[in-house]
Amino acid sequence: MDHASTPLEAVEAGIARAAKIAGRNAEDITLIAISKTHDAGTIVPLIEQGQRVFGENRVQEAQGKWPALKERFPDIELHLVGQLQSNKAEDAVELFDCIHSVDRPSLVTALGKAMDKAGRKLPCFIQVNIGEEDQKGGCAIADLPALLEQASEAGLPVVGLMCVPPAEIEPAPFFAFLAKLAADNGLDQLSMGMSGDYETAIMLGATHVRVGSALFGARS
Ligand SMILES: *Cc1c(COP(=O)(O)O)cnc(C)c1O
């Protein structure tokens, strides 16, 4: 059906297709290329094809490759999508341009301080544990209003909600639920959808899709 010749073109075509079905503008959806585990040699070709927004899940791994890449390509935007320890908040604020994994009071406090100290306010998403899974990051659904209140007091620019739904279950109901939580709390951005389900997420309102393996191949 589509004539994409690169993985990036194929994903962009998927985004356009889903946006069209949903009656949305594809330009309103940000593709975040999740480059965790991949080195500069794999990332640079994607930058050269025009991709500018990237995501990593570990601060330390990102520190090892992105400062040099950002120097070479100054218009790169780097998003943190993985769990963040409070003692890495300053490092994260220095390197990243957006944080998707704000999920608890201690981290809100640490990020608020780090942003004040750096004089750099990064847009943030609150990660919600939308499937109420014990082992997963994200704030409990019931704790969301209090965390949003605290984030506002700490001066964090919260722009939306993020989730990673349970594996092996149809994700659509979780995406729809996250969209409702965002709307109920007056937030208009939604970070949801990965390689296997980004089109579904877009149909349900995703503004940011986080796609790794569909762009870079399977991680070893
Ligand atoms: C790895 C990762 C992704 C991308 O996953 P793929 O299935 O490879 O697209 C998205 N979001 C988060 C939080 C991740 O850790």
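A short reminder: the numbers here are calculations on the coordinates, not readings from a lab. These numbers come from a predicted model, not from an experiment. So basically every Cβ, Gly included, is an ideal-geometry build from the backbone, and we count neighbours across all protein chains shown.
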task: Specify the residue that is farthest from the ligand (Cβ to nearest atom); the eligible residues are those in the range 154-176 that are in contact with a helix residue (DSSP H, G or I) (Cβ under 8 Å, 6 or more places away or on another chain) and assigned to a loop (DSSP other than H, G, I, E, B).
output: G155
- prompt: For the subset of the range 204-214 comprising residues that are in contact (Cβ under 8 Å) with a residue 60 or more places away in the chain and within 8 Å of the ligand (Cβ to nearest atom), which member is surrounded by the fewest Cβ atoms within 10 Å (Cβ to Cβ)?
  reply: A214
message: Between S86, S106, S35, which is in contact with a Leu (Cβ under 7 Å, 6 or more places away or on another chain), of a type in the set (S, T, N, Q) and touching a residue at least 12 places away in the same chain (Cβ under 8 Å)?
response: S86
- prompt: Taking the stated definitions as given, is A201 crowded, with 23+ Cβ neighbours inside 10 Å and more than 21 Å from E90 (Cβ to Cβ)?
  reply: yes
- prompt: Can you pull out the strands (runs of 3 or more DSSP E) entirely within the range 1-81 that have at least 3 residues that are under 19 Å from the mean Cα position of the chain (by Cα) and more than 30 Å from M203 (Cβ to Cβ)?
  reply: none
One residue from A183, A201, A218, A179 being part of a helix (DSSP H, G or I) and free of Cβ contacts under 8 Å to residues at least 24 places away in the same chain: A183
- request: Among the residues of the range 128-141, count how many are closer than 13 Å to V81 by Cα and touching a residue at least 40 places away in the same chain (Cβ under 8 Å).
  value: 2
- prompt: Can you tell me which residues in the range 92-108 are out of contact with any Lys or Arg (no Cβ under 9 Å at 6 or more places or on another chain), crowded, with 17+ Cβ neighbours inside 10 Å and assigned to a helix (DSSP H, G or I)?
  reply: A92, L107, V108
query: Does the range 62-92 hold any residues that are among the acidic types (D, E) and under 15 Å from G41 (Cα atoms), and which are they?
result: none
- prompt: Taking A182, is it more than 16 Å from the ligand (Cβ to nearest atom), closer than 23 Å to L31 by Cβ and buried (at least 20 other Cβ atoms within 10 Å of the Cβ)?
  reply: yes
